[in-house]
Structure formats: structure tokens, C-alpha cells
Amino acid sequence: MKGWKTIGMVIAACFMYACSPHTEYTNALPKDASLMLSADLQAMALKGGLGNGNTQSIEEKIGGLIQESLPDDAARFARQIVEDPSETGLSFSDKVYVFATPHANAIGLVAKVKNEGKLEKMFNLLEESHLCNTLTEESGCRWTQMGNTLCAFNNGTFLAMHNRTGGAENIKGTLLSLMRQQEGEGFASSSDYSRLASSDADICLLTDFSLIPDQWTTFLRMGLPADIRLEDIRHLVNIRFEKGLIQIEAKDATKNPAVQAFYQSMDKMTMPIQGKFMNAYPGKSMTWAGVNMDGKTIYNTLCQNPSIRQFMQNPPLPIDIERIFASIIGDVSIGMQSFLNGGWIAYAQVTNDQFLETFEELRPLLAMSGGQVALYDTAPNQYALKSYLGIHWFGVKNDVLYITNRHTLAEEAGRTYGVSLDNRPWASEARKNRLIGVINAASLMDEMRENPYAAHTLAGKETWKLIDLLTGGCEDIVLNAQEWEKFTLDIQMKDKRANVLETLVKTLEKL
């Protein structure tokens with residue numbers, strides 16, 4: 001828990017001070033990064049109330065933690081940094097940049113050096129405390145190693161890189177190469193850099209899907225047209241901290257014609273949500289997602305990918321997937337009432353129930369499975385399918401297809417609630433979107449507090465305490481997409497009067 005406290009407090013302290021003009025330190029930014037992030041720490045500090053001198057309690061707590069973990073000389077210098085982060089020799093009024101290499105193999109940070117002597121002093125004290133190696137002169141800079149992290153600096157630039165997949169020695173060449181970059185060679189010479197530099201957001205980032213680790217990309221690649229690579233899908237993301245709200249806005253930032261065509265095809269096969277099923281879920285549902293779609297068009301689009309077409313036309317069970325998709329047109333939704341219970345139910349508007357015949361045709365085949373897979377009639381136009389995935393109930397009522405993993409939800413399929421999702425604050429906005437996804441964070445946290453054993457099992461007792469403290473004021477997390485090339489993620493707080501960063505600072509004071 002002390003480690004978490006120290007990290008949180010130091011981040012808060014770094015917001016407190018800074019001053020110096022923009023310089024060439026951005027030349028060290030790599031051109032091929034899969035993620036590039038800029039942060040305006042000065043603006044965030046002011047929003048958090050850290051520019052008004054009300055920082056004594058945080059400084060005292062950070063100082064206490066430092067005193068416990070560092071030798072006397074290093075501890076005294078560290079306390080100076082807490083009181084005035086400019087003692088690091090770095091400038092925090094200039095934007096700080098964070099980047100990630102493709103597949104997130106390495107993470108880097110670039111900042112402006114304000115005072116090289118102070119920065120050298122800091123690393124000398126870290127060396128005396130056996131936290132880093134001796135500074136080495138090379139390639140016009142000084143550098144040192146801290147575990148799997150390398151740090152380098154000269155009279156204008158500070159660069160730190162952490163290798164997530166191997167030893168620090170494997171990224172030394174990259175680090176020194178970036179420190180040698182001149183104007184016009186790196187990311188700072190690109191039009192993408194101009195977009196980051198001109199953003200008025202607190203945090204702005206440009207990222208592409210090559211950021212995703214290799215082991216997670218197989219399924220994602222299957223869902224894309226064959227002529228689109230992960231690195232072709234780029235988004236510009238602006239993050240703003242406002243009163244009662246963290247707003248994350250992401251917009252397509254690529255000029256690749258294939259990507260543009262893909263988004264246009266997604267727009268054609270979806271429409272704004274009608275909200276047909278919002279009253280079919282209780283108001284305190286833990287999670288919910290909705291979309292309005294043309295099933296036949298989506299099926300044809302998915303089948304343009306050879307791997308998906310092979311699965312659709314030759315599924316593990318001989319089900320006519322095309323026929324099922326073709327019957328769906330209109331709202332589709334899925335929701336979960338309780339995280340711990342795990343019960344979910346999905347609804348879809350269908351034109352008819354004739355596709356159910358394809359399941360009747362399964363019976364002779366299932367009879368040969370020895371009971372491992374079985375299909376049962378449980379009500380008119382309702383079935384239960386038993387497989388290695390468990391038992392799932394599905395059926396059609398009044399031109400509505402439902403699927404659930406709980407028998408009780410199947411029995412209640414089609415019911416409406418007096419206090420439903422239609423009563424949630426975000427409900428009026430839902431019908432403007434082609435896609436919406438919601439997490440009721442307040443209900444989720446209440447459920448976990450009522451079941452501490454489950455919370456401690458998931459996250460560990462001490463980590464859960466921190467999560468509970470930092471997220472306790474969150475009400476809803478809402479993902480909206482009015483069009484597929486642009487979406488917003490709103491993290492809505494219970495307190496609508498205070499800036500989220502101000503609330504965070506007050507929370508850190510309680511640690």
C-alpha cells in the first residue's frame with residue numbers, strides 16, 4: 001500500500017510547479033510510436049487546486065513516506081522536490097510526452113530539462129541510495145540504468161525508457177539514437193505532432209491499434225477487412241477534466257481510404273438506437289449495451305473476411321447463421337443486473353421466428369453426442385441449449401429474440417420495469433447514438449462493498465481499498481458513438497460541482 005501511496009502523492013506533487021518556454025526537447029520523440037501522449041500538467045494542477053498554495057497536507061504525507069524509504073541525504077533532497085518539483089531540474093510548465101513503441105514493448109517519457117545541474121544532483125543521490133547506476137557520458141548525453149529503465153539527459157532534453165519485454169540493454173541503442181535526433185527527423189516534424197501541440201485538452205494522445213500486444217490481436221484482425229492493418233487505424237484522443245466529468249473524445253485520425261470505407265460501411269448497416277429495450281432492464285443494471293443494426297448487411301460485411309466467412313458458413317454446429325442474422329433488424333441490446341451473479345440477457349428485434357427451425361434440425365445430430373450437447377423444449381418457441389459453455393435459454397416472443405444464461409431471466413423475458421434504464425440520467429442521449437455502452441459504477445461499487453470477500457479476491461485487500469477510495473465518487477461510465485469514426489467516453493461523477501482533479505487531490509489527502 002505504501003508504494004501506491006508514494007506514486008499517487010508524487011504525481012500530485014509534480015502538478016504543483018513549472019516554468020520555461022518551449023524548446024527542441026521534442027526532437028527526441030520517436031517517429032514510429034504506436035502511442036504518443038502529451039499532458040499539460042500546469043493546467044491540470046490549476047484545475048486540481050494545486051496552484052493556490054493549499055498543498056501542505058499532501059507535502060507532509062509524501063515527506064513521511066520518503067523519510068521511511070530513503071537514506072537521510074536522499075530523503076532531504078526528495079523532500080525539497082516535494083515542496084518544489086522544479087528542484088528535479090525538469091520543467092513541468094512545458095508539456096510532458098509519453099510514448100509507446102509498437103505492441104507496447106517499450107514505454108518512454110520525454111520532458112524539458114530546465115536545470116541540468118539539479119537533474120545531475122538528483123541522479124547522484126539516487127546512485128548513493130543504490131537506486132541507479134553511475135551516470136555515463138555517451139552520444140552527447142549522460143545516461144544511467146534503473147532496473148529495466150534507462151534515463152538520459154543533456155542540456156535541453158530528458159528521456160526515460162522502460163523495456164516491458166526484456167532487459168534495459170536491449171533498448172540502449174534506441175535511447176541514444178533518439179537523444180541524437182535533430183530537427184526534422186522525429187515525430188515533432190510531422191503533421192500529427194501539430195495536432196497534439198494545438199490541442200487545448202488536458203491530455204491529448206494519438207494512437208493506433210498496433211499498440212495492442214501481439215497475443216491479443218488475432219481475433220481483432222479477423223474482424224477487419226483483409227486490406228486494413230492494425231497500424232492503419234489511428235485515433236486522436238482528447239481527455240478533459242471538468243466539473244463532475246472526465247470526457248474522453250476519440251476521432252479517426254487516418255487518411256487511409258480503406259479505413260474510411262470501413263467506417264462508411266459500418267454507418268450503412270447501423271442506425272440511431274430506438275431505445276426499444278431500455279425499459280426491459282432495471283434502472284440499477286450493472287452493465288448495458290445497445291446498437292441498432294441490419295443483420296443481413298452485417299453478415300455480408302463480416303463474410304468479406306475469409307476467416308470469418310469460413311466460420312459463418314461452417315460453424316461447429318450446423319446452424320444456419322446467415323438465416324439468423326438476416327432476421328435481425330432494429331435494436332439489439334445486452335445487459336447484466338449483477339456483476340457477482342453474472343446473469344445476463346440479450347434482446348434483438350427480428351422480422352420472424354422461422355430461423356428457429358434450424359435448431360430443430362439439430363436434434364438428430366445432438367442425439368449422437370452422448371448428452372454432452374443437448375437441446376430441450378422449455379416453453380413455446382423457447383429452447384435450452386446445453387453445451388461445454390453451459391446452459392443457455394433462447395426463444396422468440398412478439399418478434400423479439402432473447403438469449404440468456406439464467407432460467408429465471410428466460411421466464412421473465414419481455415417484462416418491463418417501472419424504474420428502468422429509461423430513468424437513468426444518460427437515457428435521453430442514448431437514442432442519438434448508433435452504439436452505446438454503460439457501466440453503472442455506483443451500483444458496481446456498492447455490490448462489491450457488500451461482498452468484501454469477493455472484492456478482496458479480485459484485487460487484493462489493500463489494492464481494493466485504494467480502488468474504493470479513488471472510484472467511490474463515480475456514478476456512470478458511458479460510451480457513445482453517433483458515428484463510427486468518432487466516439488466519446490464520459491466518466492460521470494456524483495458530485496457535479498467540483499472538478500474531477502480537485503476531487504482527486506482531496507482524495508489523496510485522505511491516504
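A short reminder: the numbers here are calculations on the coordinates, not readings from a lab. As the structure is a prediction and not an experimental result, all values here were calculated from the model. Quick reminder, even Gly has a Cβ in these numbers, built from the backbone with ideal geometry, and neighbours come from all protein chains shown.
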Hey, what's the per residue convex hull volume over the C-alpha atoms of region 410-464, in cubic angstrom? 162
Could you name the aspartates and glutamates whose alpha carbon sits less than 14 Å from that of residue 172, not counting residues in the same chain fewer than 8 places away? 137, 138
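What value in Å³ per residue do you get for the convex hull of the alpha-carbon atoms in region 106-202?
Cα-based convex hull of region 106-202, divided per residue, equals 126 Å³.
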Which links in 465/496; 114/486; 31/432; 461/496; 465/486; 47/255 stretch past 27 Å when you go from one Cα to the other? 114/486; 31/432; 461/496; 465/486; 47/255
The exposure ranking of 97, 453, 299, fewest beta-carbon neighbours within 10 Å first, is 453, 299, 97
Computed from every Cα-Cα pair in region 273-363, P(r) in 10 Å bins starting at 0 and rounded to whole percents is 16, 35, 34, 15, 0
Would you order 26, 471 from fewest to most other beta-carbon atoms within 10 Å of each residue's own beta-carbon? 471, 26
Pop out the ³J(HN,Hα) list for region 110-116 in order, Karplus 6.51 cos²θ - 1.76 cosθ + 1.60 with θ = phi - 60°, rounded to Hz; leave Gly and Pro as x. 10, 9, 7, 7, 9, 9, 5
Share of Cα-Cα pairs in region 297-453 lying beyond 25 Å, as whole percent: 42
From the phi of every residue in region 349-359, what ³J(HN,Hα) in whole Hz does the Karplus formula 6.51 cos²θ - 1.76 cosθ + 1.60 yield, where θ is phi - 60° and glycine or proline is x? 6, 10, 7, 6, 10, 5, 5, 5, 4, 5, 7
If we count other beta carbons within 10 Å of each Cβ, what is the order of 285, 194, fewest first? 194, 285
In order over region 373-390: 3J(HN,Hα) from phi, Karplus 6.51/-1.76/1.60, θ = phi - 60°, whole Hz, x for each Gly or Pro, gives 10, 8, 10, 10, 7, 10, 5, x, 6, 9, 10, 10, 10, 9, 8, 5, 8, x
Give me Rg/Rg_expected for region 415-511, where Rg uses Cα atoms only and Rg_expected = 2.2 N^0.38 Å with N residues. 1.27
